[in-house]
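Notes to accompany the following structure.
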């Protein structure tokens, strides 16, 4: 009788360990997915901030003296590199750049910063 009780206790403990391991694995995966989604959201917001800077330039046809602040979601910096116009969107450490070659905003495209 004691042997059966020992086997049952061992089985219950083993199942408990397995369930705790599975729960911790799911928690880690959920956290990693959440961080990945935050990075994706920041990259998208940085791209939108760069696009906002490009739109601002199209309306005014001049570079502002200060970066365009897009509220708590980041900002857009403007640079002139040779003949090219650079619109650098930032959000939580992520940068995305739009370049208008030779100042032609119709041909603006995204490049690596």
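The values are calculated or read from the model by the stated rules, or taken from the named source; none is laboratory data. Small disclaimer: the values here were computed from a predicted structure and weren't measured. We place every Cβ from the backbone using ideal geometry, glycine too, and count neighbours over all the protein chains shown.
Numbers below:
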{"read-out": "Any hit, the range 24-39, residues being assigned to a helix (DSSP H, G or I) and in contact with a strand residue (DSSP E or B) (Cβ under 9 Å, 6 or more places away or on another chain)", "value": "yes"}
{"read-out": "Options 45, 90: the member that is within 23 Å of the chain's Cα centre (by Cα) and assigned to a strand (DSSP E or B)", "value": "90"}
{"read-out": "Criterion: at pLDDT below 90 and part of a helix (DSSP H, G or I) - qualifying residue of 6, 21, 16, 53", "value": "6"}
{"read-out": "Among the residues listed as 59, 54, 44, the single one being touching a strand residue (DSSP E or B) at 6+ places or on another chain (Cβ under 9 Å) and without any contact (Cβ under 8 Å) to a residue 12 or more places away in the chain", "value": "44"}
{"read-out": "Failed condition for residue 62, given (1) more than 13 Å from the chain's Cα centre (by Cα); (2) assigned to a helix (DSSP H, G or I); (3) loosely packed, with under 15 Cβ neighbours inside 10 Å", "value": "(2)"}
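For every residue, the table says whether it meets (1) part of a strand (DSSP E or B); (2) touching a helix residue (DSSP H, G or I) at 6+ places or on another chain (Cβ under 7 Å); (3) exposed (fewer than 11 other Cβ atoms within 10 Å of the Cβ).
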| position | (1), (2), (3) |
| --- | --- |
| 72 | no, no, yes |
| 85 | yes, yes, no |
| 97 | yes, yes, no |
| 102 | no, no, yes |
| 106 | no, no, yes |
| 113 | no, no, no |
